[in-house]
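The values are calculated or read from the model by the stated rules, or taken from the named source; none is laboratory data. Since the model is a prediction, treat every value here as computed from it, not as a measurement. Note that we place each Cβ from the backbone using ideal geometry, even for glycine, and neighbour counts take in every protein chain shown. Accessible surface is based on the protein model in full, side chains and every heavy atom, while ligands, DNA and RNA are left aside. Shrake-Rupley method; radii C 1.70, N 1.55, O 1.52, S 1.80 Å.
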Amino acid sequence: MMGEAAAKPTQTFRTGTAGRAPGVIAAIACVMLLALALLPVVAGRNLIQDLIFLFYMLALAQCWNLLAGYAGLISVGQQAFVGLGGYLLFAFTLLGSIDPLLAIPLAGFVSALFALPTALIVFRLRGAYFAIGTWVVAEVYRLVFAQFKPLGGGTGMSLTPSVTSSVPGIEWVKALLDVRTPAARDIISYWAALALMVGTLAFVYLVLRSRRGLALGAIRDHEGAAGGLGVDIYRVKLAVYVATAAMTGMIGALIYLQKARISPDAAFSVTDWTAYVVFIVVIGGIGTMEGPVVGAVIFYLLQRYLADFGASYLILLGALGIGVMLFAPKGLWGLITERYDLALFPTRRRLVIPPRAEIVSKTQG
């Protein structure tokens, strides 16, 4: 052979995430977050309470979406951890004399501990049996707390004025905004709900951008293939189940701090804390972070303006859900994505192949 053979260009690959102008989107998000944080200065109490509802429903929807849309765990028993978080808040504040805001993360931690033995039971089930099993476990929680007399038994109980008035920051809010104690408590709950909602979004986003997120994406796309490639499916699903239980427990604690009254039937309601959440995720778009955001806003508007119609309102929710599943299987956000290729939370990986000219230039260099 004469001379050295010319180097052949080699094909290279890399992975990237979908999204347009992430810096602009992040800046808009920061401005919106600042505006929401300052909103209690000018907003009335009714709007504050409505937004608290929107924030915790959005956070619950993100938790269920991570559980079902990525890990493939179709649970209809997440009300177990909403109710558990609420009752733990009452137990910590009334029986343990713990600060109400400190009781919220403690409720999340204990909910995660309860999720471990619960998972050992329900993870033995698959598909529809898993869904039914989670609902049965939630009913067991409801029956147990209905027999627990120190927390009101079957009739429930209310937080005492000494607890509702001892929420940190109430006196400061009263002096700053010139409001009464109930309104000040709502404002503190609003900021806590905003923080939980943002924290939930950030947690889910960071998980999906991590290596564990890659494993979840593989499980979502094809569980069998993911297992064949070395993904520890059981451990990944267990981690997601426990993490969502912790977040759901904290959300439940905040819900019942703001409501200041709890009962087994309300705390473990499958309609309020699972059926509505499933509706939000389905109409928005399961398996995406943006879908629950869209679904939560739509659900809030329907709840705000149509709930007074009674049975007609429930019929409309059902018809809307069926219509979306038939004509937009990927949800409303899926329609937007297909048309504009937009991603507010870029988590999906794409295989990026550089142009041939770039490959040749690197080889020659």
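Residue count for the stretch 245-284 under the criterion of being under 16 Å from Met57 (Cβ atoms) and assigned to a loop (DSSP other than H, G, I, E, B): the result is 1.
Only a single criterion out of (1) at positive phi; (2) buried (at least 18 other Cβ atoms within 10 Å of the Cβ) is not satisfied by Gly169, namely (2).
Scanning the stretch 305-325 for residues that are under 20 Å from Asn46 (Cα atoms) and surrounded by 13 or more Cβ atoms within 10 Å (Cβ to Cβ) yields a total of 1. Right, Phe81: open to solvent by 10 Å² or more (accessible area, probe 1.4 Å), among the aromatic types (Phe, Trp, Tyr) and within 27 Å of Leu113 (Cα to Cα) or not? No; evaluated as a whole, the condition is false for this residue. Look at (1) under 22 Å from Ile121 (Cα atoms); (2) open to solvent by 30 Å² or more (accessible area, probe 1.4 Å); (3) of a type in the set (D, E, K, R) and you find that Lys259 fails only one, number (1). If I go through the stretch 226-251 residue by residue, how many of them are of a type outside the set (Ser, Thr, Tyr) and closer than 13 Å to Leu73 by Cβ? Final tally of qualifying residues: 9. Residues that are open to solvent by less than 30 Å² (accessible area, probe 1.4 Å) and acidic (Asp, Glu) within the stretch 84-109 are absent altogether. Annotation: Trp191 fulfils all but one of (1) more than 24 Å from Gly44 (Cβ to Cβ); (2) open to solvent by 40 Å² or more (accessible area, probe 1.4 Å); the unmet one is (1). Filtered by the rule that a residue be within 21 Å of the chain's Cα centre (by Cα) and in contact (Cβ under 8 Å) with a residue 40 or more places away in the chain, the stretch 213-233 gives Gly213, Leu214, Leu216, Gly217, Ile219, Arg220. Of all the residues in the stretch 328-348, those that are open to solvent by less than 80 Å² (accessible area, probe 1.4 Å), in contact (Cβ under 8 Å) with a residue 12 or more places away in the chain and more than 15 Å from Ile25 (Cβ to Cβ) number 3.
Residues Ala71, Ala91, Ala80, Ala61: which one is touching a residue at least 60 places away in the same chain (Cβ under 8 Å), more than 26 Å from Val278 (Cα to Cα) and not aromatic (Phe, Trp, Tyr)? Spell out how you get there, then give the answer.
Details: Ala71 fails: more than 26 Å from Val278 (Cα to Cα); Ala80 fails: more than 26 Å from Val278 (Cα to Cα); Ala61 fails: more than 26 Å from Val278 (Cα to Cα).
After applying the criteria, what remains is Ala91.
When Val198 is tested against (1) within 27 Å of Asp99 (Cβ to Cβ); (2) of a type outside the set (Ser, Thr, Tyr); (3) surrounded by 18 or more Cβ atoms within 10 Å (Cβ to Cβ), just one condition goes unmet, and that condition is (3).
Determine, yes or no, whether Val173 is within 22 Å of Ala246 (Cα to Cα), in contact (Cβ under 8 Å) with a residue 12 or more places away in the chain, out of contact with any Asp or Glu (no Cβ under 6 Å at 6 or more places or on another chain) and β-branched (Val, Ile, Thr). The answer is no for Val173.
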